[in-house]
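Everything below concerns the one structure shown next.
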Amino acid sequence: MPALTLAERVARVEQQLISLAEQDAKRLAQEEKRDKKMDALIAELGKYKGFIGGVLFIISCLWAFVKLGIPYVLKLIGKN
């Protein structure tokens with residue numbers, strides 16, 4: 001194997017650096033796409049979390065009224 005000159009060695013290192021830079025750019029683009037998808041997913045889950053929380057709050061209020069309010073109303077009208 002012939003010995004490489006300094007210029008050839010530098011050219012190889014430059015080519016490897018260019019290749020690594022291209023791979024890094026591709027990886028960065030993929031990560032940005034993934035981050036955008038994750039942000040959209042988190043926003044969508046936040047909407048559902050708020051909706052489900054509201055529904056559970058209404059159900060708990062109705063349950064509290066059934067357990068506490070109806071006996072009180074029946075006591076007031078004399079049907080105890």
Original post:
Which residue, of 52, 59, is at pLDDT 95 or above and either over 20 Å from the mean Cα position of the chain (by Cα) or of a type in the set (A, V, I, L, M) (or both)?
Top reply: 59
Subject >> Meets criteria (among the aliphatic types (A, V, I, L, M), without any contact (Cβ under 8 Å) to a residue 24 or more places away in the chain and part of a loop (DSSP other than H, G, I, E, B)) for residue 3 >> reply: yes
**OP:** Hey, could you check the stretch 69-80 for residues that are of a type in the set (A, V, I, L, M, F, W, C) and surrounded by fewer than 10 Cβ atoms within 10 Å (Cβ to Cβ) and say which is nearest to the chain's Cα centre (by Cα)?
**Re:** 76
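The values are calculated or read from the model by the stated rules, or taken from the named source; none is laboratory data. Quantities reported herein were computed from a predicted structural model and do not represent experimental measurements. Methodologically, a virtual Cβ is constructed for each residue, glycine included, from the backbone with ideal geometry; neighbour enumeration extends over all protein chains shown.
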